[in-house]
Amino acid sequence: MPKLGMGPVRRNQLIEAAISSLHDYGYADTTVARIAKKAGVSSGIVHHYFDGKDGLLFATMQHMLRDLRAETLKRLKQAKTPRGRLSAIVAANFAPSQYSPDVMTAWLALYGSARQSSNLTRILRLYDARLKSNLKHAFNQLTGPAKATELAIGVSALIDGVWLRAALFGDVYNRDTAIHLVESYIDSQLPRVRTPAH
């Protein structure tokens, strides 16, 4: 019988093992047995806490999104200006916790499988909506609502695109380069629009 309070610890242990397995084997070859072996537990333990492989991988994506959201909120709290909020959002998406090889590979694997999973698609849509909403809120104070929507869509696409290239091509798109590319785009767009009167 599991010790009282062991559930959250065991779930996190299995999620970390799932991330590592996705990195080592890819989505198709990540099995419950391999995840269990990495976690040092039996396959039955995985089924005890999750609804098989799909349930565990869905929980893994939720876990990674919670980490990203926490990173974003932490940085937004420190931002003093709308432009500072934009930089906080960019930095959060390229934070070290989001840029480790294991996490990047896990994201790629889960992204690639989303078309076959309504649960994964739903949670990715939530991420996309949250990112664009945060960007739009900051841009709105700098550009007005009409341009804010366009820029939020553009910057969110650029963040995802640069991140994807970093995940695929490694050091060519290191964190500093990735952040610089997105920040430069933001700076290039702001002077082109009229800032609303305060």
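The values are calculated or read from the model by the stated rules, or taken from the named source; none is laboratory data. Everything quoted here is computed from the prediction, not taken from an experiment. Cβ atoms come from the backbone with ideal geometry, glycine included; neighbour counts cover every protein chain shown. Note: accessible area is taken over every heavy atom of the protein model, side chains too, but ligands, DNA and RNA are not part of it. Shrake-Rupley method; radii C 1.70, N 1.55, O 1.52, S 1.80 Å.
Conditions first: (1) of a type in the set (Val, Ile, Thr); (2) surrounded by 17 or more Cβ atoms within 10 Å (Cβ to Cβ); (3) under 26 Å from ASP187 (Cβ atoms). THR81 passes all but one, so which condition is the exception?
With (1) of a type in the set (Val, Ile, Thr); (2) surrounded by 17 or more Cβ atoms within 10 Å (Cβ to Cβ); (3) under 26 Å from ASP187 (Cβ atoms) applied to THR81, the lone miss is (2).
Across region 112-133, what is the total count of residues that are closer than 20 Å to VAL90 by Cα, open to solvent by 40 Å² or more (accessible area, probe 1.4 Å) and not charged (D, E, K, R)?
Of the residues in that region, 3 qualify.
Could you grab me the full set of residues in region 56-71 that are open to solvent by 30 Å² or more (accessible area, probe 1.4 Å) and aliphatic (A, V, I, L, M)?
ALA70
Considering VAL46, VAL41, which residue is closer than 19 Å to ARG10 by Cα, outside any helix (DSSP H, G or I) and out of contact with any strand residue (DSSP E or B) (no Cβ under 7 Å at 6 or more places or on another chain)?
Only one candidate qualifies: VAL41.
Quick one: in region 1-23, which of the residues that are within 18 Å of MET61 (Cβ to Cβ) and either at pLDDT below 90 or hydrophobic (A, V, I, L, M, F, W, C) (or both) is surrounded by the most Cβ atoms within 10 Å (Cβ to Cβ)?
ALA18
Can you name the number of the only condition in (1) out of contact with any Ser or Thr (no Cβ under 6 Å at 6 or more places or on another chain); (2) open to solvent by less than 10 Å² (accessible area, probe 1.4 Å); (3) over 18 Å from TRP163 (Cβ atoms) that TYR49 fails?
(2)
Any residue in region 64-88 that is touching a residue at least 24 places away in the same chain (Cβ under 8 Å) and acidic (Asp, Glu) sitting within a Cβ distance under 7 Å of a residue that is loosely packed, with under 15 Cβ neighbours inside 10 Å and part of a helix (DSSP H, G or I)? List the pairs, counting only those 6 or more apart or interchain.
Partner pairs satisfying both residue conditions: ASP67/SER97; GLU71/SER97.
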